[in-house]
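See below for the structure under consideration.
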Amino acid sequence: MTEPMDISMATSTSGATKVKKSYELVTATIRAPRFSYAHLEVFTNSAAAVELDALQVRSYCTSALKQFLGATGVGIPLDILKVEGKDCWLRMPRDDLGAFSAAITAWQGTYQDGVHSSLRIRGCSDWLGALVGRDGEDKLWTD
């Protein structure tokens, strides 16, 4: 017994009949990602342009975490993904994002040679793609 052809998927070109088949190979849903991401910006009270480096970012974050959470805060693993100008992007375990953001927000900053430097959180997300490309977002509705 022969099986009837699926007419909705059949196409005909110059008399020849072709059948197109598609298969879904893999479907995955990530409900709770392992990592979260933060976009930080350094700001100072001086008019001079600030250039961050990875060592400064690590030092500032360690200081903020130690002041806010003590030894527990210092134990939070941070990965510095990128440092560019006055901005930096970090990755941390998802469960530690709340404690990290609270520590950075509460941190008073540092004073060096009469210049006060502190960190500001520009954004936090469980997805890195949500933080990338947000330059100029704060100037959208202002001149």
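Derivation of every value follows stated rules applied to the coordinates shown; laboratory data play no part. Since this is a predicted model, take the numbers as computed values, not measurements.
Provide, in order from the shortest bin, the percent of all Cα-Cα pairs of region 65-107 in each 10 Å bin, continuing until the bin that contains the maximum pair distance.
Bin by bin from 0 Å, the calculated values are 27, 54, 18.
Report the dimensions of region 40-143 along its three principal axes from the alpha-carbon atoms, largest first, rounded to Å.
That works out to 44, 37, 21 Å along the principal axes.
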